[in-house]
Amino acid sequence: DTAVSQTPKYLVTQMGNDKSIKCEQNLGHDTMYWYKQDSKKFLKIMFSYNNKELIINETVPNRFSPKSPDKAHLNLHINSLELGDSAVYFCASSRLPVSGNTIYFGEGSWLTVV
Amino acid sequence: QQPVQSPQAVILREGEDAVINCSSSKALYSVHWYRQKHGEAPVFLMILLKGGEQKGHDKISASFNEKKQQSSLYLTASQLSYSGTYFCGTESGRDDKIIFGKGTRLHILP
């Protein structure tokens, strides 16, 4: 059983399109995250939700909108896709406080904008 | 504030030792170490909390010097399976936000 699963794994789309990435965790964690890893492998936090409430919102264009229907799911919707959005997007989850807990990452969603 | 990792990359022969450093300009509450193999998700190695403790399992250990705002990851007698990119993630001020460094690419040769 995959602990943190995200779909789709690969996504190729044209500039200007809108796309969503879905994420689900079966670990019973209260907190979920979205990280973006660019071509230089820089792993940057985008958002964090705790019990469906947004707790971390980094400087991310408002074209990116996370949605958490329940604490086991955190989806990422991206409007008007741009070339610079091409990256690997990792969903993750953990318990809080994060200082004492492991962050479990999903396998990543490879987004290519052409 | 993103932590700084050094070196950026290192190539070793199997059996050699490696040290990866992570430093921050801010006071740290915790340091997390992850390893990512090519095309895969980052995988947890260990967490170190404020207090200067050293942790380890198998031949991988880490230290945390809170006064210097630094952590080091030690890989002893490296194995081929140790190849990958190592990330340190730091938390300042108990805000539950982990900021990752740019990673250190480690390549182990047979």
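The values are calculated or read from the model by the stated rules, or taken from the named source; none is laboratory data. Everything numeric in this text was worked out from a predicted model, so none of it was measured. Because the Cβ atoms are built from the backbone with ideal geometry, glycine has one as well, and the counts that use them run over all protein chains shown. Note: areas computed on protein heavy atoms with side chains; ligands, DNA, RNA excluded. Shrake-Rupley method; radii C 1.70, N 1.55, O 1.52, S 1.80 Å.
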**Asked** Can you pull the percent of Cα pairs in the protein assembly as shown with separation above 32 Å?
**Response** 19
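By average Cβ neighbour count within 10 Å, what is the ranking of B:94-101, A:68-75, B:10-17 from highest down?
Peptide ranking by packing, descending: B:94-101, A:68-75, B:10-17.
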**Prompt:** Amide H neighbours of A:Ser86 under 5 Å, counting only residues 5+ apart in sequence or on other chains, H built in-plane at 1.01 Å?
**Reply:** A:Val113
**chain A, accessible surface, carbon-and-sulfur percent (1.4 angstrom probe)** = 48
**Prompt:** Over segment B:10-110, how many percent of alpha carbon pairs lie in each 10 Å bin up to the one with the longest distance?
**Reply:** 16, 49, 28, 6, 0
**Prompt:** Based on Cβ point charges of +1 for Lys and Arg and -1 for Asp and Glu, what charge dipole magnitude is obtained for segment B:4-109 about its Cα centre, in debye rounded to the nearest 20?
**Reply:** 220
**Complete:** Within segment A:70-97, the residues whose backbone N lies under 16 Å from a label point placed 7 Å from the Cα of A:Lys52 along the Cα-to-Cβ direction are A:70-75
**Complete:** Those residues in segment A:31-76 that give up at least 20 Å² of accessible surface, probe 1.4 Å, once the partner protein chains are present instead of the chain by itself are A:Tyr35, A:Gln37, A:Lys41, A:Phe42, A:Leu43, A:Ile45, A:Ile56, A:Glu58
**Prompt:** Roughly how much accessible area, to the nearest 100 Å², goes out of reach of solvent when A and B pair up, both sides summed, probe 1.4 Å?
**Reply:** 1800
**Message:** Distance between the C-alpha centers of segment B:54-100 and segment B:1-52? Whole Å please.
**Reply:** 4
**Item:** When each of A:Lys9/A:Lys41; A:Lys19/A:Lys41; A:Lys22/A:Lys71; A:Lys44/B:Lys97 is checked by Cα-Cα distance, pairs over 20 Å
**Value:** A:Lys19/A:Lys41
**Asked** Please state the relative contact order of chain A as a whole percent: Cα pairs under 8 Å, 6+ residues apart?
**Response** 36
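Taking all protein chains as present, what is the carbon and sulfur share of the accessible area of chain B, in % to the nearest whole number, probe 1.4 Å? Don't jump to the answer; show the numbers that get you there.
Details: 2610 of 5420 Å².
On chain B, the fraction of accessible area on carbon and sulfur atoms equals 48 percent.
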**Fill in**
Label model pair B:His38, A:Thr7: point-to-point distance (7 angstrom along the Cα→beta-carbon line) in nm is 3.0
**Complete:** Sorted list, accessible surface of protein heavy atoms, 1.4 Å probe, largest first, for B:Val4, A:Val4 is B:Val4, A:Val4
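Restricting attention to segment A:8-114, which GluC sites (Glu not before Pro) occupy a DSSP loop and are surrounded by at most 15 other Cβ atoms within 10 Å?
In loop regions of segment A:8-114 (DSSP not H, G, I, E or B), the sparsely surrounded GluC sites (Glu not before Pro) are A:Glu58, A:Glu82.
How crowded by other chains is A:92-104, given as the mean number of beta carbons from other chains within 10 Å of each beta carbon?
Mean number of neighbouring Cβ atoms from other chains: 5.
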**Asked** When the Cα atoms of chain A are enclosed in a convex hull and the volume is divided per residue, what value in Å³ results?
**Response** 96
**Relative contact order computed over segment A:1-45 (Cα-Cα under 8 Å; 6+ residues apart), in percent** = 34
**Complete:** For chain B the mean separation of alpha carbon contacts under 8 Å (6+ apart) over residue count, i.e. relative contact order in percent, is 37
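Hey, got the dipole for the protein assembly as shown? About the Cα centre, +1 on K and R Cβ, -1 on D and E Cβ, debye to the nearest 20?
340
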**Message:** Give me the 1.4 Å probe accessible area per residue for the protein assembly as shown, excluding ligands and nucleic acids, in Å².
**Reply:** 49
